[in-house]
1. Going by average Cβ neighbours within 10 Å, how do the peptides 240-247, 223-230 rank, with the highest at the top?
2. Computed over the Cα atoms, what is the radius of gyration of region 83-183 divided by 2.2 N^0.38 Å, N being its residue count?
3. Could you bin all the Cα-Cα distances of region 1-125 into 5 Å bins starting at 0 and give me the percent of pairs in each, rounded to whole numbers?
4. Ratio of region 223-263's C-alpha Rg to 2.2 N^0.38 Å, to two decimals?
5. For H338, tell me the accessible area in Å² from a 1.4 Å probe, rounded to the nearest 10.
6. Between T172, T209, T189, which gets the highest mean-square fluctuation from a Gaussian network model of the chain, Cα cutoff 10 Å?
7. Using a ≥ b ≥ c from the Cα gyration tensor of region 99-255 (square roots of the eigenvalues), is it rounded, prolate or oblate, where a/c under 1.5 gives rounded and otherwise the larger of a/b and b/c decides, a/b for prolate?
8. Where the centre of each part is set by its Cα atoms, how far does region 124-170 sit from region 268-282, in angstrom?
Amino acid sequence: MDFTFTDEQKMLRQTARQFTDAEIMPHIAKWDAEGGFDPAIWKKLADLGFLGVCIPEKYGGSGMDYNSLAILCEELERGDTAFRTAVSVHTGLNCMTLLQWGTEEQKHKYLVPQAKGEKIGAFGLTEPGAGSDVAALQTTAKRDGDDYVLNGQKTWISLCDTADHFLVFAYTDKSKKHHGISAFIVERTMPGFSSKAIKGKYGIRAGNTGELFFEDIRVPAANLLGEEGEGFKIAMSALDNGRFTVAAGAVGLIRACLEASVDYAKVRETFGVKIGGHQLVQQMIAKMEAGYQMSRLLVYRAGELKNRGVRNTRETSLAKWQACDFANQAADDAVQIHGAYGYSDEYPVARYLRNSKAPVIYEGTREIHTIMQAEYVLGERADKLLNRMLPAWRP
Ligand SMILES: Cc1cc2nc3c(=O)[nH]c(=O)nc-3n(C[C@H](O)[C@H](O)[C@H](O)COP(=O)(O)OP(=O)(O)OC[C@H]3O[C@@H](n4cnc5c(N)ncnc54)[C@H](O)[C@@H]3O)c2cc1C
């Protein structure tokens, strides 16, 4: 596999890096402390085409490939996890799912304005009693004439107060378990919809996360994505794309930890030498470098499979699991290298550590990915997939 960047990818990396340096870095400490970023940044992201990478030009996107999306995610998360999370949710979980499963009418109505950044999309799967165990969800959608009537609640939804459109998963027939879940495109303006941000988050404080409430929302039947009962399959296919962006972002967080740690190790002195001269500090920096390089390779391999249209759930899961674990470790080590100064807002590494934790939890926890990888290797995954009716989907 050849992972040499094309000229277009090099230009994207340069533009995204400049954007991060100019638009995120100078403000991020304030946004993190205040709990939200300037909404004007959405327009800037849209103008640069960053909200529609991987979406064909005919649907309003930039028409670039998956590894271009990875490059963008790496550069944005080097600035802050909140911005990569926004792209993960809007592009990875929402736009790309509409591209894969939407009718032409749905694509023109919802995907085109999303890919252009005129509307923001989000993804509502998790509920108070249903995280890893998706089939435990309680939200229902009952057919009534030309509409479905949705009732229920979602929680921990990124962009809950920001998004215009939501992909919402609800039971149309609970007795069928995984086969009874359906996916709907819900608009914020539909009567009966409300949202509420969660306060006091440990990390990704500049990002908006919270609850969605559905009280007798009438969603037109035309907003059913795929067929009735295909919701679980659609959610899992969405996660194949979302996890890819999370993994790519983690690569950027490792790079941020490396840059901060190397800078600090070159100036801080103990026992008459720069701390970068101590082998135990070097060991932490070397582990970050190893994590950075290995994670990038896993991400680009998954991206290359996606570019070729090959099913990549296994490879994407591995990339997401490992990159997020490496990032979490790198952030912990970055704080350690900074000593007490790392334990304050004076340097960004405490924010990196707080931000590095959520990606180990969302889009499949560390434990869920561990189980998936073990099952693939033991040959048990195929049986499980067949039992749960998870036929192959194209990426
Ligand atoms: C900042 C943030 C943003 C998020 N954004 C979104 C979003 O936009 N949309 C959305 O739908 N969701 C979102 N989530 C929710 C996220 O996807 C869930 O938190 C995640 O799926 C885990 O679910 P849970 O929190 O209910 O944990 P649980 O599923 O209750 O798990 C609790 C613990 O038990 C472990 N566990 C569970 N099952 C097993 C098992 N079989 N074997 C071993 N261990 C197990 C888990 O690994 C975990 O350690 C977000 C979460 C966060 C923190």
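1. Ranked from most to least packed, the peptides come out as 240-247, 223-230.
2. For region 83-183, the normalised Cα radius of gyration comes out at 1.09.
3. Once binned at 5 Å, the Cα pair distances of region 1-125 give 2, 11, 21, 23, 19, 13, 7, 3, 0.
4. 1.90
5. Result for H338: roughly 0 Å² accessible.
6. Between T172, T209, T189, it is T189 that shows the largest mean-square fluctuation.
7. Since a/c stays below 1.5, the shape of region 99-255 is classed as rounded.
8. What the calculation gives is 52 Å, centre to centre.
The values are calculated or read from the model by the stated rules, or taken from the named source; none is laboratory data. Since the structure is predicted, the reported quantities are computational estimates derived from the model, not experimental observations. Note that each Cβ is placed from the backbone with ideal geometry, even for glycine, and that neighbours are counted across all protein chains shown. Heavy atoms of the whole protein, side chains included, go into the accessibility calculation; ligands, DNA and RNA do not. Shrake-Rupley method; radii C 1.70, N 1.55, O 1.52, S 1.80 Å.
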